[in-house]
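Colleague: The structure's right below; bear with me while I get my questions together.
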Amino acid sequence: MTPHNHAKPGDYAQAVLLPGDPLRAKWIAETFFEAPRLVNSVRNCLGYTGTWKGKPISVQATGMGQPSLSIYVHELINVYDARTLIRVGTCGGLNVKVKVRDIILAQAASTDSAIVKDRFGAFNFAPIADFALLRSAADKADAAGLHYHAGNMLSSDIFYHAYGFEGYDQLPAHGVIGVEMEAAALYTLAARFGVSALTICTMTDCLITKEEIDAEARQSSLKEMVELALDVAVEA
C-alpha cells in the first residue's frame, strides 16, 4: 500500500492500461474485463483488475499530466510489479494527415516538461516506446484495418497554450503528429526501471483544422483503441 493506492500486493496484473480519467478506467473495466474488481479508490483515482480473453489485466487511472502519472507509474512498477504499461487516451492532432478518430502509436515523445529534461543535465534524453509493444500494436492495427499513425508525440505540460497552435513552433515541421500530456514521463520511467511501455491515443481534435468529434463519437472511437491496447498488453 502507498499514500495513493490501497491495493494489496498481487492485486494488479503485470500488464496495466493507464487512462487519465478515473471514469474511463471504470468504463474500461466494466466494458471489457471479465470479472472486474475494484482494487484502488484512493482520491477516486480508480484501479481495477480482471481478465481479457482469459488473461489477467489491470487498469489504473493516472490523472492529468506528467507529475500525476509519474506517481502512479512509479508505484505500479516498484510496489506492484507491473511490467507492461500502456497509456490509453485522447490527443490533439498536429498534422493534417492525422484525421479525427485515427489512432496514434507514440513511437517517441518529445516534451516541454522539466520532469524529464532537467534530470539529464547537458543531455537531451529521447523517451521512446518499447519496440516489441509498438510492433505488436502496428501489426494488430494493420490486421484489424484500423487507421493509425506511428510517430513522434508531444507530451506538453500546457493544455491552454498562450499562443495557440503557433506555440508549438517547429515541432509539426519536424514530424511531431500529436499532442497529449503524459507519454514522455511514462517512457522515461519505463526506461529507468527496465519495463515496457507504449502510448496509444485516439485523435479527437485537430489543432490545425479545428475539426473535433463529440462525446458520443469519442466513446465509440475509443472502443477500437482500447481493444487494440488490451490485445497488445495481454500478449506482451
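The values are calculated or read from the model by the stated rules, or taken from the named source; none is laboratory data. Model, not experiment: these values are computed from the prediction. Virtual Cβ from ideal backbone geometry, glycine too; neighbours counted across all protein chains shown.
Colleague: May I ask you to verify whether residue 141 is assigned to a strand (DSSP E or B) and in contact with a Leu (Cβ under 9 Å, 6 or more places away or on another chain)?
Modeller: Here the answer is no, as residue 141 does not meet what is asked.
Colleague: Yes or no: residue 222 of a type in the set (A, V, I, L, M, F, W, C) and closer than 16 Å to residue 99 by Cβ?
Modeller: Spelling it out, residue 222 is indeed of a type in the set (A, V, I, L, M, F, W, C) and closer than 16 Å to residue 99 by Cβ.
Colleague: Let me ask something else about it. Within the range 1-54, considering only strands (runs of 3 or more DSSP E) that don't extend past its boundaries, which have at least 1 residues that are farther than 21 Å from residue 197 by Cβ?
Modeller: 34-40, 47-52
Colleague: Among the residues that make up the range 18-37, is at least one of them surrounded by 15 or more Cβ atoms within 10 Å (Cβ to Cβ), free of Cβ contacts under 8 Å to residues at least 24 places away in the same chain and in contact with a Lys or Arg (Cβ under 7 Å, 6 or more places away or on another chain)?
Modeller: no
Colleague: Condition first: in a loop (DSSP other than H, G, I, E, B) and of a type in the set (Phe, Trp, Tyr). Now tell me which residues in the range 92-132 satisfy that.
Modeller: Result: 120, 123, 125.
Colleague: Do you know which of the residues in the range 194-216 that are among the hydroxyl-bearing types (Ser, Thr, Tyr) and farther than 17 Å from residue 83 by Cβ is modelled with the lowest pLDDT?
Modeller: 209
Colleague: Mind counting the residues in the range 55-65 that are assigned to a strand (DSSP E or B) and surrounded by 19 or more Cβ atoms within 10 Å (Cβ to Cβ)?
Modeller: So the answer is 4.
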